[in-house]
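One structure below.
The values are calculated or read from the model by the stated rules, or taken from the named source; none is laboratory data. Worth saying up front: this structure is predicted, and the values here are computed from it rather than measured. For neighbour counting, all protein chains shown are included, and Cβ atoms are generated from backbone atoms with ideal geometry for every residue, glycine included.
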Amino acid sequence: MTRRVRSAVWRGSLLMLLVSAAAAVYGAAMTPSQLVADGRLEVDARLATTGTIVPGQKLTLVLKIATDRWFSGGTRISLPEVPGLVTLQTEQFAANASERRGDQDWVVQRWSLDVYPQRAGVFTVPPITARVQVNAGEAGDVEGTIRSPAVEFTVTLPAALADVAQWVAAPEYTVSQIFDRSLENLQVGDAFEREIVFEASDVMAMMLPTVAAGQIPGLAAYPAPPVLDNTSNRGQVRASRRQRISYVVEAGGQYQLPAMDFFWWDTSRGELQVLSLPATEVSAGAGAATGPEHSARALSPRQLLLAAAGIALLAGLFWLARRFFPLQALLSLRSALTALRRKIHTLRQPALPERLNPGGSAGE
């Protein structure tokens, strides 16, 4: 190889090294914050809920991240902690979409966060940190963190709620109760179960009311742990709370399970409503319990019918015997049966002599 050829090869290799080093330095220097400054990456946060906001109402905070290229890796967000706010990420993944801006397509991620204010006042959600990885063209994949702008909003307490200790703020809310048996003519020792069910939308189950069993002399109450359930489907959140209380009658008398009122702030109408469970009467006698563990109970109509049919059958058989068998024949049959019974009894006796060791003096 001539000196000129070797020099050309050396120059080409050096140029490639310089280009690679420059690209590496450029890519290493590129950060998501630089892409934001260059207008190639955007991050925004805003409150999707409008109108009057009351304590306990669900708010939707939307975090929007967009790039003029594409996301080359997963995005992870960190939720800030704010006193007086409960912030939840109910959806594991973002909603992906695309936008046409001029002659270029942008890829967009939308993260929906549920925010529940616990009191009235002015709140500020600090910047949300998101770790992203996006493709930056010639710079390759760029990974790092970006921060959204802060969001401020005001929560007010309507005059209708000023004297209410607890309420549920939701567009839908129902309260119902059922009993597992009739509450009339109970006896001491009888038990029955009461189930109270709360169901609502746009709340979490832990925010639904609790029910105190209360103390009623003569009627013992045994509450079971509540069953809480939360479901989320495409941003629609529903919750339920089931409270079971078992009661045992300890003394006869007339009892009343008191009525209960539950307050509901209807967020779709912006007004206060009251949901009520009526008072329930319980009557109990002083007799023994009528539960399945006790044998003394009234006969059912079917059992009475079977007993009457049995008595009629026995009466019919007795009449047939008297009609077709003379009294003398019945007496002879009775004597024969008696003799047969005695013979069988004799055969069952052990085959031993009247005296042990006949001819001996023992036993005399």
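Here's the yes/no breakdown for (1) assigned to a strand (DSSP E or B); (2) among the hydrophobic types (A, V, I, L, M, F, W, C):
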{"position": "Gly56", "(1), (2)": "no, no"}
{"position": "Val82", "(1), (2)": "no, yes"}
{"position": "Asn96", "(1), (2)": "yes, no"}
{"position": "Gln109", "(1), (2)": "yes, no"}
> Quick one: in the stretch 125-164, which of the residues that are farther than 20 Å from Gln57 by Cα and β-branched (Val, Ile, Thr) is farthest from the chain's Cα centre (by Cα)?
Replying inline: Val142
>> Given (1) crowded, with 19+ Cβ neighbours inside 10 Å; (2) over 20 Å from Thr52 (Cα atoms), identify the lone condition not met by Glu195.
In response: (1)
> If you go through the stretch 193-219, how many residues are modelled with pLDDT of 95 or more and either of a type in the set (Phe, Trp, Tyr) or out of contact with any strand residue (DSSP E or B) (no Cβ under 8 Å at 6 or more places or on another chain) (or both)?
Replying inline: 1
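Can you pull out the residues in the stretch 173-197 that are assigned to a loop (DSSP other than H, G, I, E, B) and free of Cβ contacts under 8 Å to residues at least 60 places away in the same chain? Spell out how you get there, then give the answer.
Going residue by residue through the stretch 173-197, those that are assigned to a loop (DSSP other than H, G, I, E, B) are 180-185, 187-190.
Matches in the stretch 173-197: Asp180, Arg181, Ser182.
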> Any idea which of Arg46, Arg69, Arg100 is of a type in the set (D, E, K, R) and within 19 Å of Ser148 (Cα to Cα)?
Replying inline: Arg46
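What residue, among those in the stretch 198-215 that are over 18 Å from Tyr116 (Cβ atoms) and touching a residue at least 40 places away in the same chain (Cβ under 8 Å), is nearest to the chain's Cα centre (by Cα)?
Step one: filter the stretch 198-215 for residues over 18 Å from Tyr116 (Cβ atoms), giving 211-215.
With touching a residue at least 40 places away in the same chain (Cβ under 8 Å) added as a condition, the list becomes 211, 214.
Numbers: Val211: 16, Gly214: 24 Å.
That would be Val211.
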>> Given the criterion of a type outside the set (Phe, Trp, Tyr) and in contact with a strand residue (DSSP E or B) (Cβ under 6 Å, 6 or more places away or on another chain), identify the matching residue among Glu81, Glu99.
In response: Glu99
> What do you reckon, is Pro226 surrounded by 13 or more Cβ atoms within 10 Å (Cβ to Cβ), without any contact (Cβ under 8 Å) to a residue 40 or more places away in the chain and either outside the structural domain of Glu271 (by TED's automatic domain parsing) or not hydrophobic (A, V, I, L, M, F, W, C) (or both)?
Replying inline: yes
> Which condition breaks for Val122 when tested against (1) over 15 Å from Arg46 (Cβ atoms); (2) surrounded by 14 or more Cβ atoms within 10 Å (Cβ to Cβ); (3) over 31 Å from the mean Cα position of the chain (by Cα); (4) at pLDDT 95 or above?
Replying inline: (2)
